[in-house]
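Each remark here refers to the structure printed beneath this line.
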Amino acid sequence: MRRIVAVISVVALLSLMTYSYIEHDKKDPDMDYILTNPEKFEGKEIDFCGRAEEIEPSFIKLRLMEAPYTCINVTGVHSGIKKGDVVEVLGTLKGVDEVKAEKVFVIKKLEYSLIFIRSLPAIPFVLYLFFKKWRFNFKKFMFEEVENA
Amino acid sequence: MPDWTTHVIAGWITGKATKSDVSLVVAGSLLPDIFKIQMLFDALQINTHGFFDPLHTPCGTLLIALMLSLLFKMAGRAFIFLMMGASTHYLLDFFLMHAAGGMKMLFPFSWKEYQIHIISSGNYWVTVSALIIGAIFYFYLTAICQKHLK
C-alpha cells in the first residue's frame, strides 16, 4: 500500500512540475519569454526582480535576477535606490530593454543579505530537533523513534 | 520569504501549543521552501522555466508531505504534523510585501496569485518579534512543567 501511495505521489508531483514547465510561458511568463517576445508584451504590465547596477538621474539599470540575467533600464523610479539594492518592479514594457515603473518595492542590499544570514541558525535547530527524536533505519527504509528521546 | 528562523519558531510554537510532534511540525514549517533549490539554478544562470514553482504551492507541499510521511511508521500522523508546519509557512508568507504577484494558492486549478502585502521580507523586526514570542512561550511552558512536577 505504501509503495502504491509513494508511486502515485511521485508521479503526481512530477506531473505538476511538468505542467508548470509547459504552461509557464502562457500563464505566468517569465522575463526570458517576455524579452524574447517583446512584441507580445509591448505596452503591457509586467513584473520582475533585479539588482540595481547603475543609478542615473532619469533611470536605473537593473540586472535581472532570473533568466536571461540581462540588464533593463527602469524609468519613473523615485530616488533612494542604491547600487546593489534588490528592486521589484511592476511596470509597462517599452521596447526590449526599458520598463516604465508603476510600482517599485526596494529591499536594501544589507537587508537582503541579512535574510539569508538570519535563516542560517534555523538549519542546525531543525536538524537537532529532528534527529534527537528520529533515526533512519536503512534496512527498513524508515525513520524510527530514538529510544529515550 | 520571512527568514527560516521565523518559520521555524512559528512551527515550534504551533507544535508545542497543539501538543503535536514538534520535530515534524518544525520540519514541515520549512517544507515549502524545498523550492529554494531553484536558487542553485539561478546562481548557475540556468532557466528552469517554472519547473520547481509547484513545490511552493499547497498542492505540491501536500504531495511532498505525503511522500515524506511514508518514511514514518505512523504515516497518517506524520503527514498531519508535516502539513501543520507547512500551513504556518504559508500563513507567514501570505503577509509578505511584493511589487506584484504572490503565491499560487490554488495551483494547478488556477494560476492566480494571492498575497496580502503587509510585511517586507527584509524587515528583521519580524524575526526579533518571533524570537521574543518564542522565548516567552518557552519560559511559560517551563513554568507549567515545573508546576506540574511540584
Inset, instruction - Identify which of B:A65, B:A130, B:A100 has the largest mean-square fluctuation in a Gaussian network model of chain B, with springs joining Cα atoms closer than 10 Å. - result: B:A100
Inset, instruction - Treat every Asp and Glu Cβ in the range A:31-112 as -1 and every Lys and Arg Cβ as +1, leave all other atoms uncharged, and give the resulting dipole magnitude about the Cα centre to the nearest 20 debye. - result: 240
Legend entry - Amide H partners (placed H, <5 Å) of A:E102, local residues excluded: A:L90, A:G91, A:T92
Legend entry - chain A: most fluctuating residue of A:K103, A:K132, A:K83 per GNM, C-alpha cutoff 10 Å: A:K132
Inset, instruction - Putting +1 on Lys and Arg Cβ atoms and -1 on Asp and Glu Cβ atoms, find which of B:L82, B:Q38, B:T127 reaches farthest to the positive end of the dipole of the protein assembly as shown. - result: B:L82
Inset, instruction - List, in order, the whole-Hz ³J(HN,Hα) value for each residue of the range B:54-67 obtained from phi through the Karplus relation with A = 6.51, B = -1.76, C = 1.60 and θ = phi - 60°; use x for Gly and Pro. - result: x, 5, 9, 10, x, 5, x, 5, 4, 5, 5, 4, 4, 4
Legend entry - Helix-only mean residue ellipticity at 222 nm for chain A, each DSSP H run of n ≥ 4 adding -39500 (n - 2.57), per residue, nearest 500: -12000 deg cm²/dmol
Inset, instruction - Report, ordered by chain and residue number, the lysines lying within cross-link reach of B:K19, taken as a straight Cα distance under 30 Å and ignoring same-chain residues fewer than 8 apart. - result: A:K132, A:K133, A:K140, B:K36, B:K73, B:K147, B:K150
Inset, instruction - Using θ = phi - 60° and the Karplus relation 6.51 cos²θ - 1.76 cosθ + 1.60, list the HN-Hα couplings for the range A:117-132 in order, rounded to whole Hz, with x at every Gly or Pro. - result: 5, 5, 6, 4, x, 5, 5, x, 5, 5, 4, 4, 4, 6, 7, 5
Legend entry - Distance between the range B:76-102 and the range A:81-149 - C-alpha centres, whole angstrom: 13
Inset, instruction - Tell me what chain B gives for mean residue ellipticity at 222 nm when only DSSP H runs of n ≥ 4 count, each as -39,500 (n - 2.57), the sum divided by the residue total, rounded to 500 deg cm²/dmol. - result: -18500 deg cm²/dmol
Legend entry - Selected from B:I136, B:I116, B:I46 as most flexible by GNM, with chain B as the system and alpha-carbon contacts under 10 Å: B:I46
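No value in this document is a laboratory result; all are computed from the given coordinates. Bear in mind that the values here come from a model prediction, so they are computed numbers and not experimental data. For neighbour counting, all protein chains shown are included, and Cβ atoms are generated from backbone atoms with ideal geometry for every residue, glycine included.
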